[in-house]
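Scroll down for the structure; my scribbles are underneath it.
Computed from the coordinates by the stated procedures, all read-outs in this text should not be read as laboratory data. Bear in mind the structure is a predicted one, so any value in this text is a computation, not a measurement. Cβ placement follows ideal geometry from the backbone for every residue including glycine, while neighbour counts extend to all protein chains displayed.
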Amino acid sequence: MDKNIAIKNLDEVISKIEKARLDLDDHHIVQLVAVSKYSTSDDIRTLYSAGQRAFGENKVQDLKQKMQELDDLPISWHLIGTIQKNKINNIIDLNPVLIHSLDSFELALEFDKKLKAKNKKMNFLLQINSSYEQSKSGVDPKDAVKIYEQILKECSNINLKGIMTIGANSDDTKQVVQSFQIAKDIFSSLKGATICSMGMSGDFELAISNGANMVRIGSKLFKN
Ligand SMILES: *Cc1c(COP(=O)(O)O)cnc(C)c1O
């Protein structure tokens, strides 16, 4: 990716984020995570040089490789993809700044046990399946508050910061909005939760209008 294209893509996305957040409330701040899962380390470097600092990967192996290839840059790395239990030790060793995809109480217990063994703490979001799509990970919205509080209470090495959701995969705006509202309502009812991660290239403005304060954008930032 050419640097001028990276700057243009980033400017376009940031302008749209700005508009959406100001329409909601000028005190509403939105963090941008650039999702680099389909991009090379060279492209990440280019987007970094255009000013982007937070990047997200969905596979542990890719996260590891890109962290190594880019270890000269002070990038904040996020893990956003579904997690297999056998990868937990690897993830703890990589130490991403935030894991968006904690999707069950059992997974939280496993992480907590292994974090305690290594005397570490890490930051997580509880993923909620607010669109009720079978193909998606995440806890059922009706159980989300209970599970969130259970993790807070029983997993002392897990710093739970809020929630993540993926909007409904639909052309019907109403359905997409509904999935964001379900997640936002849960987020608002949680005590101490500060991060509401929702919105991707196709729906981030809708997500922000519905309360997202962290968006995860891939294709719109890395397109040529
Ligand atoms: C791929 C992915 C994104 C970004 O998707 P784009 O449509 O390319 O912006 C965001 N969140 C998750 C969980 C993803 O897997």
Tell me the mean residue ellipticity at 222 nm calculated for the chain from its helices only (DSSP H runs of n ≥ 4, each -39500 (n - 2.57), averaged over every residue, nearest 500). -14000 deg cm²/dmol
Would you mind calculating the gained length between Ser209 and Glu110 on full extension (0.36 nm times residue separation, minus the Cα-Cα distance), in nm to one decimal? 32.1 nm
Taking a ≥ b ≥ c as the square roots of the Cα gyration tensor eigenvalues, with a/c under 1.5 meaning rounded and otherwise prolate when a/b beats b/c, else oblate, which class fits region 115-224? prolate
Label-reachable residues, region 1-17, where backbone N falls under 18 Å from a point 7 Å from Asp72's Cα toward its Cβ: 1, 3
Tally the DSSP beta bridges in region 3-222 and give the antiparallel ones as a percent, rounded to 5. 0
Quick one: if you stick a label point 7 Å off each Cα along the C-beta vector at Lys121 and Lys142, how many nm between them? 3.4
Taking every C-alpha to C-alpha distance in region 3-222 and binning by 5 Å from 0, the per-bin percentages run 1, 7, 16, 19, 20, 17, 12, 7, 2, 0
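What is the magnitude of the charge dipole of region 1-114 about its Cα centre, with +1 placed on the Cβ of each Lys and Arg, -1 on the Cβ of each Asp and Glu, and no other charges, expressed in debye to the nearest 20? Before the final figure, lay out the partial values.
Working: 15 positive and 19 negative charges, 45 e Å.
That gives a dipole near 220 debye.
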Please rank His78, His28, fewest neighbouring Cβ atoms within 10 Å first, as an exposure proxy. His28, His78
Just check region 72-158 against the gyration tensor rule for me: Cα atoms, a ≥ b ≥ c as the square roots of the eigenvalues, rounded for a/c under 1.5, and otherwise prolate or oblate depending on whether a/b exceeds b/c. oblate
Stretch gain in nm, segment Ser189-Thr173, where the contour uses 0.36 nm per residue and the Cα spacing is subtracted: 3.3 nm
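Taking the Cβ of each residue in Val33, Val215, Val97 as the centre, tally the other Cβ atoms inside 10 Å and list the residues starting with the fewest. Don't skip to the answer; put the middle values down first.
On the way: Val33 24, Val215 27, Val97 15.
Starting with the residue having the fewest Cβ neighbours, the order is Val97, Val33, Val215.
May I ask you to compute the full-extension gain from Gln181 to Ala54, defined as 0.36 nm times their residue separation minus their alpha-carbon distance, rounded to one decimal in nm? Kindly include the intermediate steps, with their values, before the conclusion.
On the way: separation 127, 0.36 × 127 = 45.72 nm, distance 2.54 nm.
That works out to 43.2 nm of additional length.
Using the crude model of +1 on Lys and Arg Cβ and -1 on Asp and Glu Cβ, and no other charge, please compute the dipole size for the chain relative to its Cα centre, in debye to 20. Walk me through the intermediate numbers first.
Numbers: 30 positive and 29 negative charges, 128 e Å.
Rounded to the nearest 20 debye, it is 620 debye.
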